[in-house]
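Engineer: Before we start, here is the structure in question, set down as structure tokens.
The values are calculated or read from the model by the stated rules, or taken from the named source; none is laboratory data. As the structure is a computational prediction, the values presented were derived from the model and not from experiment. Cβ: placed from backbone, ideal geometry, glycine included. Neighbour counts: every protein chain shown.
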Amino acid sequence: MTPRTRCSLLIDPPASGAWNMAVDEALLESFSEQEGCCLRFYRWQEPTLSLGYFQSVDDRRQHAPSLACPIVRRASGGGAIVHDVELTYSLVVAAENPLAQQRGRLYDTVHSTLIDSLAELGVAEASLFGSGQGFSPDDEPFLCFQRRSPGDVVCDEAKIAGSAQRRRRGAVLQHGSVLLGRSRAAPELPGLKELTQREVACGALIATWLSRLESCLALAFSRHSLTHAERRRAEELVLAKYASDDWTRDRNRRPD
């Protein structure tokens, strides 16, 4: 029998953009020195624009519908995301775990199990995007969900899920979003509800997805709440980084 990796599980209530990004980084720091991993599901308390690490704040003027949204800069790359009618996840894998050295497998497995989970919930249209036409760095759309990369999850031609990774001292943080429905702050992006005429409930998706992730990645889940040290570190990161105008504006800073 394949040994299972202990995986701490957090299912968090909606929170601000700065807090969500700070918790992801605090968990990356905490679990980078451990043997197991940590999976977190979360949502957003208001429509929020997150910039990819290398994007310019000034570029947000390209997208008028989200100009009134609060803004946060992610520590991972990619295009901007309007977080609203979605389910967001983050997965931290410790450096000692073989999955941390198999970053492609981690990415592909999370997306393929999402597709299988959606099919179990009656959404048969989702699939992996192949090697279609991409964009040059100079003409990539501002929004992540208008871009296409091999391994993204699509319904027909519309992207409904994508992920990004960051490595820290060998440990891996992978986080991503599943677009459940259209946001008024990004009206050009249909979600699963508009594309399939089905509403996917977050609770049902999480339960189904957990079962498949547990099997395909050989995980053993146990519920986790932020420790005192993790919460204190997240609070520090909110003040020093994710709620800081300096961090948000300076894309030339290197991730810690």
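Engineer: Here are some conditions: (1) surrounded by 18 or more Cβ atoms within 10 Å (Cβ to Cβ); (2) of a type outside the set (Phe, Trp, Tyr); (3) modelled with pLDDT of 95 or more. Asp116 meets all but one. Which one does it not meet?
Structural biologist: Unmet for Asp116, out of (1) surrounded by 18 or more Cβ atoms within 10 Å (Cβ to Cβ); (2) of a type outside the set (Phe, Trp, Tyr); (3) modelled with pLDDT of 95 or more: (1).
Engineer: Additional query: Just for region 208-236: of the residues that are surrounded by 13 or more Cβ atoms within 10 Å (Cβ to Cβ) and of a type in the set (Gly, Ala, Ser), which one is nearest to Cys38 (Cα to Cα)?
Structural biologist: Looking at the filtered set, the residue picked out is Ala218.
Engineer: Would you confirm whether any residue within region 35-50 is of a type in the set (A, V, I, L, M), farther than 22 Å from Arg182 by Cβ and at pLDDT 95 or above?
Structural biologist: yes
Engineer: Shifting gears a bit: Test of understanding: among Leu114, Leu99, Leu87, which residue is within 20 Å of the chain's Cα centre (by Cα) and within 17 Å of Pro47 (Cβ to Cβ)?
Structural biologist: So the residue among Leu114, Leu99, Leu87 that is within 20 Å of the chain's Cα centre (by Cα) and within 17 Å of Pro47 (Cβ to Cβ) is Leu87.
Engineer: What residue, among those in region 1-40 that are aliphatic (A, V, I, L, M), under 24 Å from Ser215 (Cβ atoms) and buried (at least 21 other Cβ atoms within 10 Å of the Cβ), is farthest from the chain's Cα centre (by Cα)?
Structural biologist: In this case the residue turns out to be Leu27.
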